[in-house]
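Scroll down for the structure; my scribbles are underneath it.
Here, each number is a calculation from the coordinates, and none is a lab measurement. Just so it is clear, the structure is predicted and the values come from calculations on it, not from any experiment. Note that we place each Cβ from the backbone using ideal geometry, even for glycine, and neighbour counts take in every protein chain shown.
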Amino acid sequence: MGIVLFAGMIILIGLILALMPRKASAHCDTMDGPAVKDGKVALETGNINYAYKWIFEEYEEELKGIFDLSRKVRTLSTEAQEVADRWFLENFVRIHRAGEGASYDGLKPSGTVLDPKVVAADESIEKGNMSSLKGLVTEEEYHALEEKFNKAIALKSFDINDVKAARAYVEAYVTFFKMAEGEEHSHHHGHAHGH
């Protein structure tokens, strides 16, 4: 009887852990993340460059086919738009994650709980200063982040139709972001980015 009780407890603990809300550190696979936001802008404007900046050049053709079909289908009805948009965004983020060699297990809903450093790093880029990171990283880390932050800010005002410049910004943004998160990030493949 003891073995059955023990096995039952293990199963119960496993279920509880599986059902607990997980804190996502990376946010490119959340509906609130910057890649998804840009994917939505691409769909609304018809300008795929908003999505291209997040993927490697060799994936452009695959994404373009998905994008074109999604744009065509989304005009059929409200329901069709919802399905087409979700299909595009799922594939877009999957391709983005594949480019960085990361696994992908679907888009997380809006409101997914993120590490405070992740939120602060994004706020820093939005505000144009690193004040949001004060108190979340050590002074030493803060000073190390300044160079990465300054590079990202310097590249932020790119022309969306200059995909090379847009990708350079994403690379700098992600490098800053990963360091703020406490992760050294290097992925060299024409340009480096991920998260």
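When the chymotrypsin sites (Phe, Trp or Tyr not before Pro) in the stretch 110-177 are filtered for DSSP coil states and for at most 10 other beta-carbon atoms within 10 Å of their beta-carbon, no site remains.
Taking only C-alpha pairs under 8 Å that are 6+ residues apart, what is the relative contact order of the stretch 48-195 in percent? Let's see the in-between values first.
Working: 147 pairs, mean separation 35.6, N = 148.
With pairs under 8 Å counted, the relative contact order is 24 percent.
Only lysines eight or more places from LYS151 in sequence, or on another chain, were considered; those with a Cα closer than 16 Å are LYS127, LYS164, LYS178. The H on the amide N of THR30, modeled in the peptide plane, is under 5 Å from the matching H of LYS108, each at least 5 residues off or on a different chain. The fraction of Cα-Cα pairs per 10 angstrom bin, counted from 0 for the stretch 84-166, comes to 14, 31, 41, 14, 1 percent, rounded to whole percents. Taking the centroid of alpha carbons for each part, the stretch 60-75 and the stretch 82-111 are 14 Å apart.
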